[in-house]
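All of the numbers you see were taken from the coordinates with simple rules; none came from a lab. None of these values were measured; they are calculated from a predicted model. All Cβ positions, glycine included, derive from the backbone under ideal geometry; neighbour counts span all protein chains shown.
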């Protein structure tokens, strides 16, 4: 009995990590059809935000430090959402309806973000600020001119060159002056440590095994996020608009829904959820530039198996992949069959896959097999418009 | 009827001439690569360039499925690695009868695993390095395309498959030496050390030859009715179905071909690198392959080649000098190519720069009109008469 | 029995409980030109989707020349002799007119014959003849992308004919055309009707009057509302009701 | 020539020209590969060039950059003290980019182009295996500073990290006599953990211990719940966990261990890849009370170590820590220097000969280069304490001699390595075993 509950709990806790990581993706990919390969990097930003908040709270002492995780959640959400917003406005908005291109562009973004956290220092930040000041400042001034449309292309090119020139020059100047504090990387390429507050360490003893508090926290967080997203999409005005735009963009536009704003909002929401996921996984694993990479393929699998555009499907898929992964990887399946007579080959088979890396191979094979039966996922969209 | 026949002959002649010229240019470039570069470049630079050329071959394969058929594979590392492992296994077995490749003994393996056995044979290896990746690609393609999974779903699945293969190869030390991979440099082929200058030069020239052959093969594939069908599948697969074709078969075939090409490229790359490890199946490398094609211009075979060479050369150059900047640069490259240069360098050149160059050189601007008028024999005849008078 | 080219029995298609087609019965004879009309959402396009195999029926069956089409994939249905023209013209934009036609005129559409085969001279002649028929000879070697909307419509009909199907399904051929082009397309359809069976779905009543020689079928909420000659249908009170809405309650 | 043909021709032609130009640019870039600021202005008589070949980018950069720093510190110290043979050492740094073929490529470049006197480099076994053929082909010299799985003994490599008998085997012995007989083995899915665990299993078999289970995590994976379940099932009443996970996975492993209630008193973890630097990244709270086996800890008490730690902190910052691979990297530069000075030349064959028998008062204690190209090392076991450094709870009385071919593994039992005797070489059957 206790073993059963433990197995179920462990499976669910693996599933809930997958789920919370996939939730943002389910929105961005499912509702908008955008393949965001930088999703993992948005999670990473969430994890780094947690790290920063932790360091801010550290000097504040005991009662405050215990609560830092609660403050880091909104911070992580906001940071990732803002970066997501910039990403949508700056890149993805030009690529709607071209998913493969979006895929490549977001991969580029993910490379940049990874290198960014590695090498970010005050110098880089100042240079970027200078660049933005000149570029966007110049744009605003030039936009007032009556012949803006005509000079647009040239103006952007020239502004781009001038402002990056100035930014680089400023960077070099500061570098010459030689303040080490300015050129010291904030995080460097090393992993940083996020230490959970004491109340999230250890675990709750139930029926002879221990449920880690961090896992319980993540499960609770996942449920809250799910409910929040459900409420937002189904009960709020903007949620209604988002659903409307998903179903029929041009009709929504005709009805006066600001589709561009809806796109930006949806994307920011998805990104923000990635930030929260990042905050959550920082309790379990490492925080480093490559943190996001570990999740990206798994989360896409969850969304694909669940059926695109269906939150419920994502939930079921996330949990079932988690449980299956656990059952195979921990050797429980092999154990079950050992107790029965005459299943020797089956036991050997499951034992072969009962290591963490082979379990991954097995789960993928199962996913492919599953897609043979239900190519559009657990809960496919139906109807004439449901073109894959 | 008569005039129609005339048009046909006229066109055929023109086409033949074009083909001849193209063939001439290709042979000329190939000769430059095969004869002049080995003289000019120092040995290890040449080896590097040989590896780049091997990579252009896999880029051709990717162009075939992405540029022409619209299938974006993020898993070509699998097929590349399979080809590489095939040749490496053969080289590993160039040891006295009864001995095992050295790494086996370290892990307590005393008997050669069964799937190593056939790789004693050189002909089998040659066939295997094409056929195995081809079959794996075909199988994966069949399982995916059969269910009409396409677009980004296909891409994601290929990426997941890549990850699985990576984990599998990484973990199977007793079978294929896991992370450490297989070294080929210290092995012998036809009683010559693989890393020796003669063998390496031969591999280089072989790479050039294969590049030309595979380029021509891809040209042939994409120029006929088959190629037009691939484009049709890319543009509107549903319509192709309603024209009575089954796109699944075509897609499986072309994906298998692309995988086989990647296998050849992988083998050539491996012998010139000296080692094959599962690291070749990292997610990033397979996505990089796609960007080579995108930079050069998808849907143009020559673009795939140019793009690969440019990006790889830039990478060597930049990463040698500023390893930090390279990732930024690579990221920016992805962004720019996708947003500003969707047709790549060759596309941009065709659409825009070529006209500018012509204009600057004072050449005649081609009149943008229906080509029919330019090619209509009646009009040509009229023109001739006019000039004669 | 034998001269029925298409029979549909008790056909129901439901998407998540919503019945796009509801217990529909339909049959037509070989050589007939049948026009199907109906208000938005009547299930016209789903009707074609089911016949061509794009959508599988939830209940009921479709018989083409007496053969059940259940679970047969689209391309096989097409090879059996059903051709379909889409609502918006769907031609291969990156191929020339000639290549477009050559692709569909291909006799053997399996993978390897397509790879190794060359267009035979009969096929070439067929294509040339078709180009003339659809009036695109001046633009035969132009990318289809550069054609006008009407020209694309004609090209698509040409492609349909090149398949030499027994049954032509035409979905709103007059949508978005000028009056003159509409008349052109109408004439083209009528001339095709001499040798083929045709189902045409249409909205434009003018156009329907032009082409409806035989029976007209009215679809409403997924089933057949009524069937008959154009004049009959036009005066049917139920048809008037669904097209113009409920008579105001007094 | 038709219009189209000409266009094609020009297109191809310009491509050809473009490519050759680029190649040229690339070729010329070769000439001035330099290392962090020091320009290769003078390859003349007053400098000796050495190569430093580590990953400065990619996943391995995290670890390898610290080793580079230690190597540069040693070089700087030697230069300040007058250099080698009266010449200054000039380091040429190359980036292996965490990519094994790149390592081989760069090694080739350092040897062919820069004509370096020796190369200090590599971290992972895979990268060492990838460059090995290059060094064998050129008959050149590599100094390798990281503890590794052994089962290798190349004429062209000097190993200053621990062989398994200088880290893993003593650790297992210590655990057997102090912590318990039942072992669970956890490792990342690559060569070092797998080989290390093979050795441990054989050793346990020989010494009356028991392996109750083992599992391998894919590199970079952070989901360890299945492993923890297995540990709990295999060791319901506690036992020893032997950990050879690397990098990221360690963080996940220790965080989730603690959450699942596996505490150091019942489930002590012995790690062989966690040093001072890693402790800080994982978080001291999670590691407190667990063990690590190394030859060197920052807390080693000796004047040589005080000097090393001070010098390192002065150069790279007060908040930095030193660890075992860094120390091994530091001493290998000195060992090379001594060998060159004894040989009186940088000639590879002479240096190789002179290197054997070199002794050095290292921070970890006295070390000596043996005929099998490995060095003798003191073994220590440390327990993580509150400040993230280690309490040294046990250490060998004197340095242990290195044994590259493992004596527990049946396949290599009875083999040895001796490069001073031309009849013996890299792998020979030891008489009387």
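If you take the square roots of the eigenvalues of the alpha-carbon gyration tensor of chain D and sort them as a ≥ b ≥ c, do you get rounded (a/c under 1.5), prolate (a/b over b/c) or oblate?
Verdict is prolate for chain D.
Do you know the relative contact order of chain A, to the nearest whole percent, from alpha carbon pairs under 8 angstrom that are 6+ apart?
33
Tell me, what is the FRET efficiency for residue C:23 and residue C:235 to the nearest 0.05, using R0 = 30 angstrom and their Cβ-Cβ distance as r?
Efficiency, from the Cβ-Cβ distance: 0.70.
Rounded to the nearest 5, what % of DSSP beta bridges with both residues in the protein assembly as shown are antiparallel? If you can, show how the numbers build up before the last one.
Numbers: 50 of 100 bridges.
Expressed as a percentage, antiparallel bridges in the protein assembly as shown total about 50.
Taking the Cα centroid of the range D:219-280 and of the range D:375-433, what is the distance between the two, rounded to the nearest whole Å?
Taking the Cα centre of the range D:375-433 as reference, the centre of the range D:219-280 is 26 Å away.
Starting from the 7 Å offset along Cα-to-Cβ, what nm value, one decimal, do you get for the label separation of residue B:196 and residue A:173?
Roughly 6.2 nm, to one decimal.
Using the alpha carbons of the range D:99-192, what is the convex hull volume per residue in cubic angstrom, as a whole number?
93
Where both residues lie in chain D, what percent of DSSP beta bridges are antiparallel, nearest 5?
35
Going by Cα centres, the range B:124-166 and the range C:41-82 are how many Å apart?
So the separation of the two Cα centres works out to 32 Å.
Rounded, prolate or oblate: which one fits the protein assembly as shown, using the alpha carbon gyration tensor with axes a ≥ b ≥ c (rounded when a/c is under 1.5, else prolate when a/b beats b/c, else oblate)?
prolate
When A:254, D:153 are ordered from fewest to most other Cβ atoms inside 10 Å of their Cβ, what list results?
Listing A:254, D:153 from fewest to most nearby Cβ atoms yields A:254, D:153.
Compute the acute angle (0 to 90°) between the alpha-carbon long axis of helix C:121-133 and the principal axis of greatest extent of the alpha-carbon atoms of chain C; round to the nearest 10°.
On a 0 to 90 degree scale, this one is about 50.
Quick one: grab the alpha carbon gyration tensor of chain B, order the square roots of its eigenvalues as a ≥ b ≥ c, and give me rounded if a/c is under 1.5, else prolate or oblate depending on whether a/b is larger than b/c.
prolate
Nearest 0.05, what FRET efficiency do residue D:427 and residue D:350 give at R0 = 35 Å with Cβ-Cβ as r?
Efficiency at R0 = 35 Å is approximately 0.90.
Using a Gaussian network for chain B with springs between C-alpha atoms less than 10 Å apart, which of these wobbles most: B:254, B:212, B:340?
The residue that fluctuates most here is B:340.
Taking only C-alpha pairs under 8 Å that are 6+ residues apart, what is the relative contact order of chain D in percent?
With pairs under 8 Å counted, the relative contact order is 15 percent.
If you average the sequence gap of Cα pairs under 8 Å that are 6 or more apart and divide by the length of the range A:121-184, what percent do you get for the contact order?
62 percent.
I'd like the distance separating the alpha-carbon centroids of the range A:295-369 and the range A:133-186, in whole Å.
51
What is the ratio of the Cα radius of gyration of the range C:196-239 to 2.2 N^0.38 Å, where N is its residue count, to two decimals?
So the range C:196-239 has a normalised radius of gyration of 1.12.
For A:64, B:114, what's the fewest-to-most ordering of other Cβ within 10 Å of each Cβ?
Lowest count first: B:114, A:64.
Cα extents of the range A:121-184 along the three principal axes, largest first, in whole Å?
46, 14, 13
With the crude spin-label approximation of a point 7 Å out along Cα→Cβ, what separation in nm comes out for residue A:220 versus residue D:173?
Placing both labels 7 Å beyond Cα along the Cβ direction yields 5.0 nm.
Please report, for the Cα atoms of the range D:285-433, the Rg to one decimal and the Dmax as a whole number; what are they, in angstrom?
According to the Cα coordinates of the range D:285-433, Rg and Dmax are 18.0, 54 Å.
222 nm [θ] for the protein assembly as shown, helices only, -39500 (n - 2.57) per DSSP H run of 4+, per residue, to 500? Provide the component values of the computation, followed by the final result.
Details: 59 runs with 825 residues, N = 1460.
The helix contribution divided over the protein assembly as shown gives -18000 deg cm²/dmol.
Would you mind ranking A:39, C:220 by Cβ crowding within 10 Å, fewest neighbours first?
C:220, A:39
Please work out the FRET efficiency for the pair residue A:129 and residue A:236, using the Cβ-Cβ distance as r and a Förster radius of 41 Å; give the result to the nearest 0.05.
On the way: r = 35 Å, r/R0 = 0.85.
E(calc), rounded to 0.05, equals 0.70.
Can you give me the distance in nm between label points at residue C:205 and residue A:374, each placed 7 Å from the Cα along the Cα-to-Cβ direction?
4.7
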